[in-house]
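Below is one structure; the comments refer to it alone.
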Amino acid sequence: MIAASLRSVPNGKGLMYVNSIPELFLVLSVFTKELASRGLAGIDFDFVGYPFAIIYFTLHLQRILNSETMPWKMYFYIIISSLFSILLLNLEYGNFLKQIIPIILIFTVNFVIIENGDHRNIFRLYVKFAYFSAIFGIIQVMLSFVGINILIKIPGRLDSISYEPSHYASILMPALIFTFFHFKEYKKYFLVMMLALILTFNLTGWMVFILVISFAYINPIYYLFSIPVVYYLVFYVLPNFNANFNMRIVDTLAVFRGNIQVLSSSVNANGTTISLYSNLMVAEENVKNNFLTGAGLGGHEETYFRFYKGSIFTLNYYYGLNSKSGHSLTIRILSEFGLLGFILYVAALVRRLIFLDNGIYRSISFGCFSHFLCKTFKLGAFIDYGTPFFFAMLFINFREFKRSRP
């Protein structure tokens, strides 16, 4: 039976935690987006993570209904606010239904499995998987230098088991943050994963790592150090280090200084900048049209094509890029849930950060938070690359922390 589990077994010195089969599959599903995804009925279907979630959900309905941590209020708010937005903006229901069903199913499974296990050991299992993925990524890059390309899009830039280096950063970062806080115990893990981060040549990963560590210590000295470092990296080091960095930074700065020619039909700008700016404009329009609840779940994609209909941007090579995901989770939440939803989202994450404790609860909370900070810069899907896992882990970790205090 899939729920079968041995929580502890004798190890000669006492008891040792043993992860259950559901826990193993749950953690594995954080890493299977590229490895196991194939096209099915017009969607990118993860043939490891999604069937597991469906089977577990079906077999454990009673456990789900009895859950103490299930985010029923979140589900209720998403449904009610989205239906209101759809009616107000005269949108179709199809995208909402395609999103809400897998969100409820996959988030629910993550909450139930983590709640019914030892969340600390489940997170340690994730760290171990992240460590192995980093080793694979380092080997991947080394082989690419001699012309052997294994699951790598750009030879010389590590993306491991993800489609892009920036995608991999969102998977790796929680483990890297965790091992930073537990360096003595995880020295080898930290050094290997840090090398993997370096080999991604990804600006997002570096910025998030520096910002999270600075935020975790709430020390003005760290801010005095981190802000100049980030500024120096972005404006002086990286543009001269790599042509790809130079193009993205220069183009993005130009856009936010008022040069909107990137949305013309033939301008030679990079896809990241165009995706960011074009989706941000749609989010801004949705907030103007309904500042309270936005376009509703799944509404960003429909409003994207409605917004640019008839414009010269439709002739651009990058037209439609990331229209489903909104480029980043932050842009998408602002676009689909408005100012109210955005404030609730940020408040929910920040409220569950643990500052006072110096143990495992604190390191898990900041590790999970780093994932969402990564997705502030890129990636807007709700159920890919471990987002449900880190969301559920953040909530349950905070609950267990409060219970552990006298």
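From the list ARG362, ARG332, which one is of a type in the set (Lys, Arg) and either more than 16 Å from the chain's Cα centre (by Cα) or open to solvent by 40 Å² or more (accessible area, probe 1.4 Å) (or both)? Break it down stepwise before answering.
Details: ARG332 fails: either more than 16 Å from the chain's Cα centre (by Cα) or open to solvent by 40 Å² or more (accessible area, probe 1.4 Å) (or both).
Answer to the selection: ARG362.
Restricting to segment 282-293, name every residue that is assigned to a helix (DSSP H, G or I) and either at positive phi or open to solvent by less than 50 Å² (accessible area, probe 1.4 Å) (or both). Show your work before the answer.
Taking segment 282-293 as the starting set, the residues that turn out to be assigned to a helix (DSSP H, G or I) are 282-289.
Correct list: VAL282, ALA283, ASN286, VAL287.
Which one is nearest to PRO174 (Cα to Cα), of the residues in segment 355-370 that are in contact (Cβ under 8 Å) with a residue 60 or more places away in the chain and among the hydrophobic types (A, V, I, L, M, F, W, C)?
Checking each candidate, the answer is CYS368.
Mind listing whichever residues of segment 350-383 are under 30 Å from ASP46 (Cα atoms) and assigned to a loop (DSSP other than H, G, I, E, B)?
ARG352, LYS378, GLY380, ALA381, PHE382, ILE383, listed by residue number.
So which residues in segment 1-27 are open to solvent by 60 Å² or more (accessible area, probe 1.4 Å) and at pLDDT 90 or above?
Residues of segment 1-27 open to solvent by 60 Å² or more (accessible area, probe 1.4 Å): 1, 6-7, 10-13, 15-16, 21, 24-25.
Listed by number, the residues that qualify are ILE21, LEU24, PHE25.
So which of LEU158, LEU197, LEU172, LEU176 ends up being in contact with a Gly (Cβ under 9 Å, 6 or more places away or on another chain), assigned to a loop (DSSP other than H, G, I, E, B) and of a type outside the set (D, E, K, R)? First the steps, then the outcome.
Working: LEU197 fails: assigned to a loop (DSSP other than H, G, I, E, B); LEU172 fails: assigned to a loop (DSSP other than H, G, I, E, B); LEU176 fails: assigned to a loop (DSSP other than H, G, I, E, B).
Within the list LEU158, LEU197, LEU172, LEU176, the selection yields LEU158.
Pick out the one residue from ILE161, ILE122, ILE154, ILE113 that is open to solvent by less than 30 Å² (accessible area, probe 1.4 Å) and closer than 24 Å to THR204 by Cβ.
Details: ILE122 fails: closer than 24 Å to THR204 by Cβ; ILE154 fails: open to solvent by less than 30 Å² (accessible area, probe 1.4 Å); ILE113 fails: closer than 24 Å to THR204 by Cβ.
When all the criteria are applied, what remains is ILE161.
Are there any pairs, at least 6 apart or on different chains, whose C-beta atoms fall under 9 Å, with the first in segment 149-174 and without any contact (Cβ under 8 Å) to a residue 40 or more places away in the chain and the second basic (Lys, Arg) and surrounded by 21 or more Cβ atoms within 10 Å (Cβ to Cβ), and if so, which?
What qualifies is GLU164/LYS378.
Between ALA392, ALA381, which is aliphatic (A, V, I, L, M) and without any contact (Cβ under 8 Å) to a residue 60 or more places away in the chain? Before you say what the answer is, go through the steps one by one.
Numbers: ALA392 fails: without any contact (Cβ under 8 Å) to a residue 60 or more places away in the chain.
Exactly one of ALA392, ALA381 is aliphatic (A, V, I, L, M) and without any contact (Cβ under 8 Å) to a residue 60 or more places away in the chain, namely ALA381.
Which one of GLY296, GLY310, GLY320 is out of contact with any Lys or Arg (no Cβ under 9 Å at 6 or more places or on another chain), open to solvent by 30 Å² or more (accessible area, probe 1.4 Å) and either β-branched (Val, Ile, Thr) or not in a helix (DSSP H, G or I) (or both)?
Matching residue, one of GLY296, GLY310, GLY320: GLY310.
State whether the residues of segment 388-403 include one that is among the polar types (S, T, N, Q) and more than 27 Å from GLU34 (Cα to Cα).
Going residue by residue through segment 388-403, those that are among the polar types (S, T, N, Q) are 397.
Subset that is more than 27 Å from GLU34 (Cα to Cα): 397.
Yes.
Name, by its number, the condition in (1) more than 20 Å from MET393 (Cα to Cα); (2) in a helix (DSSP H, G or I) that does not hold for SER29.
(1)
Taking the criterion of being crowded, with 16+ Cβ neighbours inside 10 Å and among the basic types (Lys, Arg), would at least one residue in segment 338-351 satisfy it?
So far as segment 338-351 goes, no, none of its residues is crowded, with 16+ Cβ neighbours inside 10 Å and among the basic types (Lys, Arg).
Residue-wise test of (1) outside the structural domain of GLU92 (by the TED database); (2) modelled with pLDDT under 95; (3) in contact with a helix residue (DSSP H, G or I) (Cβ under 8 Å, 6 or more places away or on another chain); (4) of a type in the set (D, E, K, R).
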position	(1), (2), (3), (4)
PHE313	yes, yes, yes, no
TYR318	yes, yes, yes, no
THR330	yes, no, yes, no
SER365	yes, no, yes, no
GLY380	yes, yes, yes, no
PHE390	yes, no, yes, no
PRO406	yes, yes, no, no
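Which residue is farthest from LEU211 (Cα to Cα), if the candidates are limited to segment 367-406 and must be among the small types (Gly, Ala, Ser) and surrounded by fewer than 21 Cβ atoms within 10 Å (Cβ to Cβ)?
Among them, the one singled out is SER404.
Are any residues in segment 80-93 assigned to a helix (DSSP H, G or I) and without any contact (Cβ under 8 Å) to a residue 60 or more places away in the chain, and if so, which ones?
So in segment 80-93, the residues assigned to a helix (DSSP H, G or I) come out as 80-89.
Across segment 80-93, the qualifying residues are ILE80, LEU87.
The values are calculated or read from the model by the stated rules, or taken from the named source; none is laboratory data. Keep in mind the model is a prediction, meaning the values are calculated, not measured. Note that we place each Cβ from the backbone using ideal geometry, even for glycine, and neighbour counts take in every protein chain shown. What goes into the accessible areas is simple: the full protein's heavy atoms, side chains included, and nothing from ligands, DNA or RNA. Shrake-Rupley method; radii C 1.70, N 1.55, O 1.52, S 1.80 Å.
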